[in-house]
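Contents: one structure, followed by commentary.
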Amino acid sequence: MRSRLPVLRMRRRYIAFEVDSEETVKPKDLGLEIISCQASLFGDKGASMNRIKLISFDGRFGLLRCSYSRVEESRAVLATIYSITGIRAAIRVKGVSGTIKAATEKYIPKLSLSIAETSAENDGRRIELDGVSGWIIHSHGREIDLSPDEKNRTKGSDTRYLGLTSFDLCGGCDDADGTADGLRQGDNCIQP
């Protein structure tokens, strides 16, 4: 089946939101509540024109897809939700974007930093040097993403992580031709 040309496709917007609730909310229950509220606000005809869909929801943060021309109606639908299957809840819109990637990068990671730090603590990988200390969030070969303990290190930038290499941590490496994988162990060096 051939895809439509970009000119013929329906324009979409992605709404990033946060759910505050007394208990954990299941994605299926949230999706049903959104559809129910939309139908009660705008009727069947209005609901079919918007084509609202829950893209992702992790229990706290989520993405909602809607029509380009009906963003305000979709925000109104989210604002009218006060309970989900009997659980009191409030939904706050964090931002609107044209792509899933942009909505995730702009609004979701900054909000879920504490979740990333918690998973890093469970992993147990930590760097403590004279110049920098923190939890390793992601490592690939000689590259490391670090969540620093001192939050002012990333102040003024769009990211919450420091990008480091083995050269930053060890002050150089014996086999600098790139043949070794990972960081070597030694003075102030760690194995990822």
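Cβ contacts < 9 Å: first residue assigned by TED's automatic domain parsing to the domain that holds ASP20 and within 20 Å of GLU33 (Cα to Cα), restricted to the stretch 91-106; second residue surrounded by 15 or more Cβ atoms within 10 Å (Cβ to Cβ) and among the acidic types (Asp, Glu), any location; separation 6+ or different chain. Result?
ILE91/GLU18; ARG92/GLU18; VAL93/GLU18; LYS94/GLU18
Those residues that are aromatic (Phe, Trp, Tyr) and closer than 18 Å to LYS26 by Cα, I need them from the stretch 48-103; list them, please.
Within the stretch 48-103, PHE57, PHE61, TYR82 qualify.
List every residue pair whose Cβ atoms lie under 8 Å apart, where the two residues are 6 or more positions apart in sequence or sit on different chains, the first residue falls within the stretch 23-36 and is assigned by TED's automatic domain parsing to the domain that holds MET49, and the second residue, located anywhere, is aliphatic (A, V, I, L, M) and in a loop (DSSP other than H, G, I, E, B).
Once the first residue is assigned by TED's automatic domain parsing to the domain that holds MET49 and sits in the stretch 23-36, its partners that are aliphatic (A, V, I, L, M) and in a loop (DSSP other than H, G, I, E, B) give GLU33/ILE81; ILE34/ILE52; ILE34/ILE81; ILE35/ILE52.
Give, as residue ranges, the strands (runs of 3 or more DSSP E) completely inside the stretch 73-148 that count at least 3 residues that are under 15 Å from the mean Cα position of the chain (by Cα) and modelled with pLDDT of 90 or more.
87-97
The values are calculated or read from the model by the stated rules, or taken from the named source; none is laboratory data. Quick caveat, the model's predicted, so the values are computed rather than measured. Neighbour counts are summed over all protein chains in view; Cβ atoms, including those assigned to glycine, are modelled from backbone coordinates with ideal geometry.
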